[in-house]
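First the structure, in the form of structure tokens, and then the observations on it.
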Amino acid sequence: AIALSLQEASAPRRNASTNGPTEVITIPDSDDEDDGFAADLQRAIQASQKDGTSSMRATSGIASPSLAQPSSRSTPALSTDGSNPFLADRAQLERERLARLKRLRPDAESEEGEGDGTQPKAKRQQVSSRSRANRSANASTSSSSGTSASSEQMFWDGELRQIANKHVDPTKETRPTFRLTEILAPRDEVECAILSAYCINWPWIYSFFNRDTPVIMVAHDQQGSNETIKEVLPNWIKTTPFLRNGMGCMHIKFMLLFYKSGRLRVVVTTANFIEHDWRDIENTAWVQDIPKRPTPIPNDPKADDFPAAWIRVLRTLNIQHPNLPIQRLEDLRMKWDFSKVAVKLVPSLAGKHEGWPNVIKTGHTGLMKAVRDMGAQVPKGKQMVLECQGSSIGTYSTQWMNEFHCSARGESAQSWLDVSRARRSKLPWPAVKLIFPSLRTVRESVLGEPGGGTMFCRRNQWDAPKFPKELFHDSNSKRGKVLMHSKMIIATFRSASTPFTRGQSETDSETEPESDAEETESRQPIGWAYMGSHNFTPSAWGTLSGSAFNPTLNITNYELGIAWPLYSEQEANRVACWERPPRKYVLGEDLPWVGRFRYVEEYKLMSSQMQFESPCFVDDR
């Protein structure tokens, strides 16, 4: 084998010594030629390690004339260590070829050998196939920016995740997240979509859909209070709901994605349709796929379940489009099977709601009904502590906060309205932890102060003499130094034998609840959780008035979220997007983030480093 190899090597050396034109030799990167050379080289190296010519004949079974008698041609001398300089040259050329390959194909750097050309053929073929597959996948991704490279996932049982963020600490990003491309995938199969958000970058969200996909976008209209329907883009219709006297806002964030296969994907999220919310700041999304029924069921006008609540919300939001896959809103419940949905829909519909049948369908009294339906009322001998995370602080009174706390406990609002107004106004603050970023947290975050443009607490609120400063706790993400736009409430039950019952404010203690093993075994909730667009404000949840016989609930905003029971403290820790227990403000040292930009242009200047195409300057009340 060595002699044959040397014969092949002598020809090009003689050609190089002639006076003819110089032949430029290019070493190809073809996989077939690489494999042939590697095999020949491997055989030559193995043969050179044998002792003597006879052993090589015995191994090959061939009596080569070139090995039986000396060759008349000049043969390169062996080096002092017994190696052949020709093989060394070929090995050096192979190392140079691999170096070029690494420069041209970085993905092959860790997959190729160490440059010695001795990689087994099977492994080389596997590497080559994997490299070609990677290049094919990259080309496919580049050709369609709206198509996710990962395989399509189904969520028939519902899934709650944080939204992917480019600034999180990789060591703390240990759980799956949602990306907008993954939620919408496959985009070619989307037959129609109903979307809703408060702040919208229209060209950006438009790029995620095919041009022929009909889309309805529910949006906030800052110019007026009347219902409107407008065509804003090809096959895109913008609709706005009614707002009394132009006050309040349409703050709901959701997606209803109808696929050509018949599947319906329901998404409730805290993120607006702007890059910032899906890239730079913490947000949350809940996704569940709903199968289509084989046969529609009859319409039930008295239904009060999850799809029935959706129908009420869509009707209030003025949903209309000629190309909807449903002829009427009632088809949503009749044609799709929502039986596997385990969460409760909790809407707030702006307006004045009178009478118990209307009051318990919206706002914090709607939350009260959801808590009762889940069986998550506070057990006897227990008390409830609320942890309320949001991006906007409201104007609070002890009356409103106790009013909300009553609904959160699952207690009928009738008992609350039976108490005189004078007595209600003198109640102490209930067990509520207001979770909002401190000034220090914002300044130490990845994006600094410019990243706090969608966090709102006014200075005059904080400086008010009766403002509940003692309820404030710092908002620190479990995923690192990123700010949170997520809106969540975690309600947990605590023993009534704690110091809370002896007059101490419940938020003064960071004591965790007692062991919940018995409750877990019997599947008794130890609390509940909420996620959605509601901030913890009267504008979002409503204010109750009237009498126990004829109550009235006034709501300023349109909001939407989901609620579900919690069965262990571990589950509560897993659901919460903030570090629990939250760190309480040290009064006199900690201040809330109150940085608000007075003008849009000033905010554009401050946020330019975050590469906003259209800055989101909104009062997120």
* To do: Before anything else, pin down the relative contact order of region 152-342: Cα pairs under 8 Å, at least 6 apart, normalised by residue count, whole percent.
  => 26 percent
* Asked: How far apart, in nm, are the 7 Å Cα→Cβ label points at Arg440 and Ala548?
  -> 4.7 nm
* Asked: Quick one: of the DSSP bridges fully inside region 152-342, what percent are antiparallel, nearest 5?
  -> 70 percent
* **For Leu314, solvent-accessible area (1.4 Å; no DNA, RNA or ligand), Å²** => 0 Å²
* Structure fact -> With every protein chain in place, the accessible area of Leu93 for a 1.4 Å probe, in Å² rounded to the nearest 10, comes to 70 Å²
* Heavy-atom accessible area order for Tyr558, Tyr198, largest first, 1.4 Å probe -> Tyr198, Tyr558
* To do: Pairs of lysines 8 or more apart, or on different chains, with alpha carbons under 19 Å: count those in region 152-342, would you?
  => 7
* Structure fact -> Among Pro294, Leu264, Gln222, the residue whose Cα sits farthest towards the positive end of the charge dipole of region 152-342 (+1 at Cβ of Lys and Arg, -1 at Cβ of Asp and Glu, taken about the Cα centre) is Pro294
* Centroid-to-centroid separation of region 204-218 and region 374-436 [C-alpha atoms, Å] -> 41 Å
* To do: Using 0.36 nm per residue of separation minus the Cα-Cα distance, give me the extension gain between Leu427 and Thr228 in nm, one decimal.
  => 67.3 nm
* Taking only the alpha-carbon atoms of region 152-342, what semi-axes of the equivalent ellipsoid follow from 5 times the gyration tensor eigenvalues under a square root, in whole Å, largest first? -> 25, 23, 16
* Asked: So for the pair Lys352, Glu152, with labels modelled 7 Å out along Cα→Cβ, what separation do we get in nm?
  -> 4.9 nm
* To do: Please give the length that would be gained between Glu189 and Asp463 if that part of the chain were fully extended, namely 0.36 nm times their separation in residues minus their C-alpha to C-alpha distance (nm, one decimal).
  => 93.3 nm
* Asked: How much net charge surrounds Leu417 when only the other residues with a Cβ under 11 Å from the Cβ of Leu417 are counted, with Lys and Arg +1 and Asp and Glu -1?
  -> 0
* Structure fact -> Flagged as over-length at 31 Å C-alpha distance, from Lys352/Lys426; Lys382/Lys481; Lys382/Lys584, the pairs are Lys382/Lys481
* To do: Percent of Cα-Cα pairs per 10 Å bin, from 0 to the last occupied bin, for region 393-480, please list those.
  => 14, 38, 27, 15, 5
* To do: Keeping all protein chains in position, work out how much accessible area Asp280 exposes to a 1.4 Å probe, and write it in Å² to the nearest 10.
  => 10 Å²
* Structure fact -> Taking Lys238, Lys487, Lys292 and ranking on accessible area (1.4 Å, protein atoms only), highest first, one gets Lys292, Lys238, Lys487
* How many nm is it between the label spots at Thr171 and Leu93, if each spot is 7 Å from the Cα in line with the beta carbon? -> 5.0 nm
* To do: Using a 1.4 Å probe and counting only protein heavy atoms, arrange Glu559, Glu411 so the residue with the most accessible area comes first.
  => Glu411, Glu559
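The values are calculated or read from the model by the stated rules, or taken from the named source; none is laboratory data. The structure presented is a predicted model; accordingly, all values stated were derived computationally and were not measured. Every residue, glycine as well, gets a Cβ built from its backbone with ideal geometry; the counts of neighbours run over all protein chains shown. Protein only, heavy atoms only, side chains kept; ligands, DNA and RNA dropped before computing areas. Shrake-Rupley method; radii C 1.70, N 1.55, O 1.52, S 1.80 Å.
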